[in-house]
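Before any comments, here is the structure.
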Amino acid sequence: MLNKEKSAGGSATPSAEKITPIIITQAKEKIKVSDVKKLGKYENAVYEEVAAALYLFCEQSEEFARAVVDCDKSFEDCLKEICKGLGRSISDLNLYNKAVQFYFSGAFVKFTMTICMSEYEFDEPEQTVSEKPKENIVLSLDNLLDW
């Protein structure tokens with residue numbers, strides 16, 4: 001049952017804070033392996049990392065979490081599908097892309113890597129290009145006039 005809050009107009013509206021954690025929790029419950037012994041060698045090798053990545057994706061996107069919950073196939077089915085036809089190796093990015101597309105066709109994983117030259121850089125929050133401090137620009141009318 002959804003918690004309802006009354007808005008200024010007096011009508012009851014569902015609280016987004018109550019809905020989001022429920023759908024994410026349901027998605028995480030669905031992304032579990034019921035019996036590890038039934039998995040093949042490739043599925044067994046990747047299931048923990050794939051599950052961890054899918055948990056993060058569910059936390060990032062309620063829409064993705066909803067797709068996981070609404071999917072009529074199990075996480076074991078996902079593992080079998082993404083490991084089908086594997087050769088000797090696969091990149092993490094390709095593996096996660098396959099897993100995401102199993103639940104949400106057309107979705108893809110964006111991958112970013114950053115090098116940290118020391119342990120001190122590792123603890124700093126990451127900054128995107130747009131968040132980095134901008135240099136001050138000094139304009140002078142002397143630069144515009146040709147003397």
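What follows is calculated from the coordinates using simple rules that are stated; it is not laboratory data. None of the values given here were measured: they were computed from a predicted structure. Cβ sites come from the backbone with ideal geometry, for glycine too, and all protein chains shown count toward neighbours.
From the phi angles alone, apply the Karplus equation (6.51, -1.76, 1.60; θ = phi - 60°) to the stretch 79-89 and give each ³J(HN,Hα) in whole Hz, x where the residue is Gly or Pro.
4, 4, 5, 6, 8, 4, x, 5, x, 8, 6
How would the stretch 60-127 be classified by its alpha-carbon gyration tensor: rounded, prolate or oblate, with rounded meaning a/c under 1.5 and the a/b versus b/c comparison settling the rest?
oblate
Report ³J(HN,Hα) in whole Hz for each residue of the stretch 35-40, in order, from the Karplus equation J = 6.51 cos²θ - 1.76 cosθ + 1.60 where θ = phi - 60°; Gly and Pro get x.
Residue by residue, the stretch 35-40 yields 9, 4, 5, 7, 7, x Hz.
Rounded if a/c is under 1.5, else prolate if a/b is larger than b/c, else oblate: which is the stretch 15-115, with a ≥ b ≥ c the root eigenvalues of its Cα gyration tensor? Each step should come with its number before you reach the end.
Numbers: a/c = 2.01, a/b = 1.37, b/c = 1.47.
Taking the square roots of the gyration eigenvalues as a ≥ b ≥ c, the stretch 15-115 is oblate.
Tell me, ARG66, ARG88 in order of fewest to most beta-carbon neighbours within 10 Å?
Ranked by crowding around the Cβ, least crowded first: ARG88, ARG66.
Arranged by the count of other C-beta atoms within 10 angstrom, fewest first, what order do TYR103, TYR55 take?
Numbers: TYR103 24, TYR55 16.
By the 10 Å Cβ count, ascending, the order reads TYR55, TYR103.
Pairs LYS37/LYS110; LYS32/LYS80; LYS38/LYS73: which exceed 20 Å Cα-Cα?
LYS37/LYS110
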